[in-house]
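Some notes on the structure that comes next.
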Amino acid sequence: MKEMRLGKVAVAASALLCATAHAQSSVTLYGLIDESVQYVHNVADPGGKNANRVALYNGNIQGNRWGLRGAEDLGGGVKAVFVLESGFNINNGQLGQGGRLFGRQAYLGLDSANYGRLTVGRQYDPLVDLVAPLTGVTFGGSSFAAPGDIDNNDNNSRVSNSIKVTFPKLYGVQFEGMYALGGTAGQTGSGQTWAVAGAYSVNGLSIGAGYISADNSASNVPRANTPSPWGGTIDGNFGSVVNSGAKTAKGYDIASIALSYLTGPVTLGARYSNARYIPDAASSFRSTEVFNTAAGFMTYNVTSLFAVGGQYNYTHANGPARADYHQVSLGADYLLSKRTDLYLLGVYQHASGNQIGVSPAAATAGDYGYTSAFGSHTQEIASAGIRHKF
């Protein structure tokens, strides 16, 4: 009898421990679907002539995704955390980010309320975390990004094999640092990526700045002066004709700064970036190509459900290729619910000069930097879409 009572106590204690452990752990399924109908004026047809294009365009403001987010309370204010996030194209069902299963994010780490967060895996870089949220892409996505997203302000590239440290926010100040290991035997720096960023916010004013440096691992392999495509821990962001000719670079560096000011229903903001693509002896271009981008934007919450916004973006390319891009973006967003909204976006872009491997320069507003399609010196686009978060 005594043994039976002890057995019941043991079973009850075990069940209590399991229930407690379960209560301290959580796994959340989440996602986002963004789809639009898009019209583009002056885009190249299969024969190379300028034409108009009407098509479905997914991931207009935010990339489509689904993911799992988990946390386990380890005690003492420390949690184990992980994220597995997959990108996809709703129009054809294909995986995004080069066909990776969890191409958007895949990381594991520890999060401490007192000491910050340490995570390892495939992650967003610190500029995406701390600088991009202060820019117009938060409102209009790709429509408010620089031509070809040459400074990764729209998060077209992620960093694999990375270690990221996020320090606790103190007196409105936040810092992040990242280092990605190239993993090449005997060549520690080959393919490496490192980045730092900081942000400060007080009384509606927010300022963020950061710097990222990426190495092309293919540049460190003997190749008999034959240009090789990009290889490294950060994705190559060369899908647009704006910088596709620089994909044989030895490496590239991006410095970025942004600020925004919230006053009542109005948000005002500005940003500047400097992207430098550096060649080696085997690159298809011979001197550093520099892209300077400056932009100013404004958003206005007309009501709690309806917002409008606009931005002017100027990008100047200087080096082997010289080009200028003027871009005006407008948008409107209406909330149907907390999870679902409707939007309208319009973009006008004018290009002049030349690009590496392309002369004269062509406007790229219609491709957002994700495809190689381009047209004349000017392009206009209009998109009507719906976005749902779950």
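Applying 1/(1 + (r/R0)^6) with R0 = 25 Å to the Cβ-Cβ distance of ASN318 and THR184 gives a FRET efficiency near 0.20. From the alpha carbon centroid of the stretch 116-139 to that of the stretch 23-102 is 16 Å. Counting every other Cβ atom within 10 Å of each residue's Cβ, ILE33, ILE90 order from fewest to most as ILE90, ILE33. For the stretch 282-346, trypsin sites (Lys or Arg not before Pro) meeting the loop criterion (DSSP other than H, G, I, E, B) and having at most 12 other Cβ atoms within 10 Å: ARG286, LYS338, ARG339.
Length available on full extension from LEU118 to LEU170: 0.36 nm per residue minus the Cα-Cα distance, which gives 17.0 nm. Put +1 on the Cβ of each Lys and Arg and -1 on the Cβ of each Asp and Glu in the chain; which of LEU110, TYR348, SER25 then has its Cα farthest toward the positive end of the dipole? Farthest along the dipole direction, towards plus: SER25. Here the simple spin-label model places points 7 Å from the Cα toward Cβ, and for SER352 and LEU305 these points are separated by 4.5 nm. Neighbour counts of C-beta atoms inside 10 Å place VAL83, VAL165, VAL159, VAL27 in the sequence VAL27, VAL165, VAL83, VAL159, starting with the fewest. Toward the positive end of the charge dipole of the stretch 37-90, with +1 on the Cβ of Lys and Arg and -1 on the Cβ of Asp and Glu, the farthest Cα among PRO46, ILE61, ILE90 is that of PRO46.
Summing +1 for each Lys or Arg and -1 for each Asp or Glu among the other residues whose beta-carbon sits under 15 angstrom from that of ALA195 gives -3. Neighbour counts of other Cβ atoms within 10 Å put MET178, MET298 in the fewest-to-most order MET298, MET178. Rounded to the nearest 10 degrees, the inclination of helix 2-23 to the longest alpha-carbon principal axis of the chain is 20 degrees.
Going toward the positive end of the dipole of the stretch 102-254, with +1 on Lys and Arg Cβ and -1 on Asp and Glu Cβ, which of GLY148, THR184, TYR171 do you reach last? Result: THR184.
As a calculated quantity, the FRET efficiency between LEU56 and LEU95 at R0 = 25 Å, using C-beta atoms, amounts to about 0.90. Each Lys and Arg Cβ is given +1 and each Asp and Glu Cβ -1; about its Cα centre, the chain then shows a dipole of about 780 debye.
Where a number appears in this text, it was derived from the coordinates with a stated rule and is not lab data. Everything numeric in this text was worked out from a predicted model, so none of it was measured. FYI the Cβ positions are ideal-geometry reconstructions off the backbone, even for glycines, and counts take in every protein chain you see.
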